[in-house]
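The values are calculated or read from the model by the stated rules, or taken from the named source; none is laboratory data. None of these values were measured; they are calculated from a predicted model. Please note: Cβ atoms are built from the backbone with ideal geometry, for glycine as well, and neighbour counts cover all protein chains shown.
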């Protein structure tokens, strides 16, 4: 989790199993901004939103209201 200290975002771009289930409670305490770009679409967007993260599934259509909130 050391690389998440003061991170602006977490980008998942690998299939490696060790990155499939991070502790997002720990991550949220370390990161400066809680933004996740999920290039593998393996994380649960609803769960991350409930933990205060802004979630983007790469290649997944985002709801219009979410896009307006981030522009």
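Restricting to region 43-59, count the residues that are in a loop (DSSP other than H, G, I, E, B), closer than 15 Å to residue 13 by Cβ and under 10 Å from the mean Cα position of the chain (by Cα). The number of residues fulfilling the criteria is 1.
Quick grid of which residues meet (1) modelled with pLDDT under 95; (2) assigned to a loop (DSSP other than H, G, I, E, B); (3) in contact with a strand residue (DSSP E or B) (Cβ under 9 Å, 6 or more places away or on another chain):
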site: 6; (1), (2), (3): no, yes, no
site: 15; (1), (2), (3): yes, yes, no
site: 22; (1), (2), (3): yes, yes, yes
site: 29; (1), (2), (3): no, no, no
site: 32; (1), (2), (3): no, yes, no
site: 62; (1), (2), (3): yes, yes, yes
site: 67; (1), (2), (3): yes, no, no
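Scanning region 28-43 for residues that are over 19 Å from residue 1 (Cα atoms) and surrounded by fewer than 14 Cβ atoms within 10 Å (Cβ to Cβ) yields one hit, 41.
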